[in-house]
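The values are calculated or read from the model by the stated rules, or taken from the named source; none is laboratory data. As the structure is a prediction and not an experimental result, all values here were calculated from the model. Cβ: placed from backbone, ideal geometry, glycine included. Neighbour counts: every protein chain shown.
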Amino acid sequence: MTCFSSVDEFLDAVTASAQGFDTAWIGAEHSTASAVRRRLLSDGYLHPDDVHASAYWTAGREWDHAFEASLPAFVAARAAGRDVTDPAVLQALAFEYGR
């Protein structure tokens, strides 16, 4: 097990290990999953289609409250014609909402 003293140290380790890979799957707390996804995309390690991130929880937030709070964003996306059954759209909505 490795312990990191800062988020930047963790992200540096992630990007160092990402070199040579063609896809990434991230499952973590929202801010961590977002930071890793952003780093992999902004530094050009991977194309957005090859990064699959799932934020399984948000620190300090109960699931039912998060669901109720995010529901209007999903309804609006559907009304705008986005395919909310597409996992890529759901992933994008989750990260758009969590900002």
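Of all residues in the range 1-26, which are of a type in the set (A, V, I, L, M), out of contact with any strand residue (DSSP E or B) (no Cβ under 8 Å at 6 or more places or on another chain) and surrounded by 12 or more Cβ atoms within 10 Å (Cβ to Cβ)?
7, 11, 13, 14
Please go through the range 1-30 and pick out each residue that is under 19 Å from residue 90 (Cβ atoms) and not acidic (Asp, Glu).
The answer is 23, 24, 25, 26, 27, 28, 30.
Residues in the range 62-80: is at least one surrounded by 14 or more Cβ atoms within 10 Å (Cβ to Cβ), outside any helix (DSSP H, G or I) and among the hydrophobic types (A, V, I, L, M, F, W, C)?
So far as the range 62-80 goes, no, none of its residues is surrounded by 14 or more Cβ atoms within 10 Å (Cβ to Cβ), outside any helix (DSSP H, G or I) and among the hydrophobic types (A, V, I, L, M, F, W, C).
Mind checking which pairs have a first residue in the range 1-14 that is assigned to a helix (DSSP H, G or I) and a second that is exposed (fewer than 10 other Cβ atoms within 10 Å of the Cβ) and at pLDDT below 80, Cβ under 9 Å, 6 or more apart or different chains?
From residues that are assigned to a helix (DSSP H, G or I), the pairs are 10/2; 13/2.
Where the second residue is part of a helix (DSSP H, G or I) and hydroxyl-bearing (Ser, Thr, Tyr) and the first is without any contact (Cβ under 8 Å) to a residue 60 or more places away in the chain and lies in the range 27-39, which pairs have Cβ atoms under 6 Å and are six or more apart or on separate chains?
39/15
Of all residues in the range 50-68, how many are of a type outside the set (Ser, Thr, Tyr) and in contact (Cβ under 8 Å) with a residue 24 or more places away in the chain?
So the answer is 7.
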